[in-house]
Amino acid sequence: MPFFLTPEQKQSAFWLALWLAVALLLYTLGPILSPFIAAAILAYMLGGAVDRLARVRLGKRRMPRVVAVSVVLAAFSTCVVALFLTVVPVLRAEIPLLQAKIPAFFTWLDTFVSPWLAGYGINVKLDSAGLRELLQQQVAAGGDDLWTSVLAKVRVGGSAVLGWIATLTLVPVVLFYLLLDWHQLLARIEGAIPRRWAPQVSGMAAEADGLLAQYLRGQLLVMIVLAVYYSAALAMVGLDVALPVGVLTGLLGFVPYLGFGLGMLLALVAALLQFPGWVALAWVVAIYTLGQLIESFILTPRLVGERIGLHPLAVIFALMAFGELFGFAGVLLALPASAVLMVGFRHVRAHYLRSSFYNAERT
């Protein structure tokens, strides 16, 4: 017996196919959507501040939203510039000192490492002249293949740099318009939801919004605790740049491993330049190793995971799973995405517990 679709089923199939085609198009355009996604995330984070400013009364009228958006963007840009200026003085102070230490470092390599390598049959001079000669030999042996590889990487790197410049230029523009028309955009999205699903979808969106707000507050607490810990611990070691390096490490804690890696690198270089021997370097490694363990197994599960209703084991699993599936971006978005998925899981579970499949008695 042939199967005929009803008019309602035909409409449902049409709209489902259309939405699948839109999803496929967005997936195809993924590389150029990065600035829009980044701007949307920032707009969600800064939208509350814009709304509060827009409710402030200036005489008999409220502050125009365009003014509120401009003030918030100016404050956000100031914070980003201040973070950048925290790193620049440290680098300006460390780089000349590091350049002065390089010859002594090569001498140490040649004195202590070369004899150890010679014991394994590797005879190489590790002073500046020996390394220069080794590099010249490698270049001569590589020939055309080396230059082909270098030119290919230069082309790829140039394209990546241009892409980053375009992204950094486009994000503020997109962010301004998203903040300006945020509520209108949300109203249009809500208006496009089929009416029979609108109450349920709106309820799930409100629940996810509450969880994401909890996530942001928890992540802010983690950043503050890490900034205090690293600043205090590095100051106890006696590091001159303990405060800027510690604050930078904590503030970049929202990007997994970036704050840890950059902060540890700056602290190690500062310790190498300031102290003789290896004791200070060992203390820096111990401080950052302990800080990473505290962040991964105590702070993030307790201050972030519990606020969004995720068990500490679920937090660890989410970070590993999203990192495996989506790389660095997956690690960055693991917890907020898990919070949103958990809202959908709760509703699916509730629907399952109400279903006849679950409640039917065994015959």
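The values are calculated or read from the model by the stated rules, or taken from the named source; none is laboratory data. None of these values were measured; they are calculated from a predicted model. Don't worry about glycine lacking a Cβ; one is built from the backbone with ideal geometry, like all the others, and counts go over all protein chains shown.
Miscellaneous remarks
- All of (1) among the small types (Gly, Ala, Ser); (2) in a helix (DSSP H, G or I); (3) surrounded by fewer than 16 Cβ atoms within 10 Å (Cβ to Cβ) hold for SER231 with one exception: (3).
- Within the range 13-26, being in contact with a Leu (Cβ under 9 Å, 6 or more places away or on another chain) and farther than 25 Å from ILE37 by Cα holds for one residue alone: ALA13.
- For the range 277-298, the count of residues that are surrounded by fewer than 16 Cβ atoms within 10 Å (Cβ to Cβ) and charged (D, E, K, R) is zero.
- Qualifying residue in the range 215-222 (condition: buried (at least 20 other Cβ atoms within 10 Å of the Cβ) and farther than 26 Å from ALA68 by Cα): yes
- Lone unmet requirement of (1) in contact with a helix residue (DSSP H, G or I) (Cβ under 6 Å, 6 or more places away or on another chain); (2) modelled with pLDDT of 75 or more; (3) not hydrophobic (A, V, I, L, M, F, W, C) for ASN359: (1)
- The residue of the range 4-56 that is nearest to LEU212 (Cα to Cα), among those that are touching a helix residue (DSSP H, G or I) at 6+ places or on another chain (Cβ under 7 Å) and of a type outside the set (A, V, I, L, M, F, W, C), is GLY47.
- Residue within the range 286-307 that is part of a helix (DSSP H, G or I) and touching a Ser or Thr at 6+ places or on another chain (Cβ under 7 Å) present: no
- The listed residue being at pLDDT below 65 and under 29 Å from GLY277 (Cα atoms), out of VAL87, VAL124, VAL139: VAL124
- Failed condition for GLN200, given (1) surrounded by 13 or more Cβ atoms within 10 Å (Cβ to Cβ); (2) touching a residue at least 40 places away in the same chain (Cβ under 8 Å): (1)
- Among the residues listed as LEU220, LEU266, LEU216, the single one being without any contact (Cβ under 8 Å) to a residue 40 or more places away in the chain, part of a helix (DSSP H, G or I) and outside the structural domain of LEU46 (by TED's automatic domain parsing): LEU220
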